[in-house]
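Student: Here it is: the structure, laid out below.
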């Protein structure tokens with residue numbers, strides 16, 4: 001199916017196409033340049049974001065003792081320039097300066113799922129430690145999902161095989177941090193809506209089996225639609241705010257909020273924003289997304305009970 005024509009300003013102007021798959025799923029209508037004035041690419045991008053209900057980055061003062069959590073789909077270390085460059089991805093990871101980092105597509109997909117980063121060099125540079133989630137020697141994670149933490153002790157680790165037509169997975173870690181206990185779930189959900197719905201329900205069912213502690217879910221959830229059209233509506237049963245966040249894809253000109261950070265109870269996750277550096281725009285096809293966690297602020301507030309998945 002050919003993509004609809006969109007006006008994409010360039011030097012002198014041009015008409016471009018969105019990726020046909022994205023165009024079909026977004027159901028975009030052709031955008032007409034306003035008469036009598038020049039359409040800028042920034043205005044075009046902002047208009048599409050508004051139509052999708054994409055949130056603007058949050059801005060808050062950073063409380064003392066807050067942690068930084070981040071998620072990054074590294075696209076198997078292949079950048080928007082088609083170059084395989086793990087060192088470039090490692091540089092972006094260092095820029096994030098995260099205390100908890102979830103990676104997607106960190107391992108080879110076919111054959112032996114070896115890790116693609118020099119993880120020892122990343123650990124030395126950032127102070128992060130890779131959690132032992134891989135079942136293969138030399139792997140970084142489970143089905144491409146890796147977790148790295150700083151100043152944290154893993155109390156329990158789980159690997160979740162998610163339903164659907166692709167080998168998708170999620171990882172879960174119960175952590176002991178200086179501020180208290182925290183459960184972290186990292187996932188990379190499927191491309192098809194029905195599979196994402198099943199996968200969200202499977203993750204909620206796994207969460208319902210654990211203790212009731214502050215929980216954050218993050219990763220590439222492959223959903224950009226808000227409200228009733230979203231395949232992630234089941235997550236609203238377990239998280240206070242499952243609405244789309246800031247746009248992270250494609251990294252050169254972000255339009256779609258595919259990457260998310262969700263927390264429970266309310267107030268655990270603050271200041272969600274993309275990491276939009278010059279290097280991040282070429283190192284992967286996704287921008288990283290990051291936020292602050294304030295466990296001390298919510299430790300006295302009981303989290304709402306998770307509903308059992310259907």
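Where a number appears in this text, it was derived from the coordinates with a stated rule and is not lab data. This one's a predicted model, so the numbers in the text were calculated from it and none came from an experiment. Cβ: placed from backbone, ideal geometry, glycine included. Neighbour counts: every protein chain shown.
Student: In what order do 142, 224 fall by count of nearby beta-carbon atoms within 10 Å, going from fewest to most?
Tutor: So the ranking, lowest neighbour count to highest, is 224, 142.
Student: Express the relative contact order of region 213-288 as a whole percentage, based on alpha carbon pairs under 8 Å and six or more residues apart in sequence.
Tutor: 33 percent
Student: Quick one: grab the alpha carbon gyration tensor of region 67-298, order the square roots of its eigenvalues as a ≥ b ≥ c, and give me rounded if a/c is under 1.5, else prolate or oblate depending on whether a/b is larger than b/c.
Tutor: Note, shape of region 67-298 comes out rounded.
Student: Compute the Cα gyration tensor for region 238-286, then decide on rounded, prolate or oblate, letting a ≥ b ≥ c be the square roots of its eigenvalues: rounded whenever a/c is under 1.5, prolate when a/b is larger than b/c in the other cases, and oblate in all that remain.
Tutor: prolate
Student: Let me ask something additional. Rank the residues 230, 240 as a footprinting-exposure proxy: fewest other Cβ atoms within 10 Å of their Cβ go first.
Tutor: By the 10 Å Cβ count, ascending, the order reads 240, 230.
Student: Can you tell me which of 127-136, 244-253 comes out highest on packing, and rank the rest after it, using the mean Cβ neighbours within 10 Å?
Tutor: The peptides rank, most packed first, as 244-253, 127-136.
Student: Which order do 277, 231 fall in if you start with the one that has the fewest other Cβ atoms within 10 Å? Please list the in-between numbers first.
Tutor: Working: 277 15, 231 21.
Ascending number of Cβ neighbours within 10 Å: 277, 231.
Student: Would region 211-307 count as rounded, prolate or oblate if I go by the C-alpha gyration tensor, calling it rounded below 1.5 in a/c and otherwise prolate when a/b exceeds b/c, oblate otherwise?
Tutor: oblate
Student: Here is a follow-up. For a protection proxy built on the mean count of beta-carbon atoms within 10 angstrom, sort 264-271, 190-197 highest first, please. Before the final figure, lay out each step's value.
Tutor: On the way: 264-271: 19.5, 190-197: 17.5.
Descending mean neighbour count gives 264-271, 190-197.
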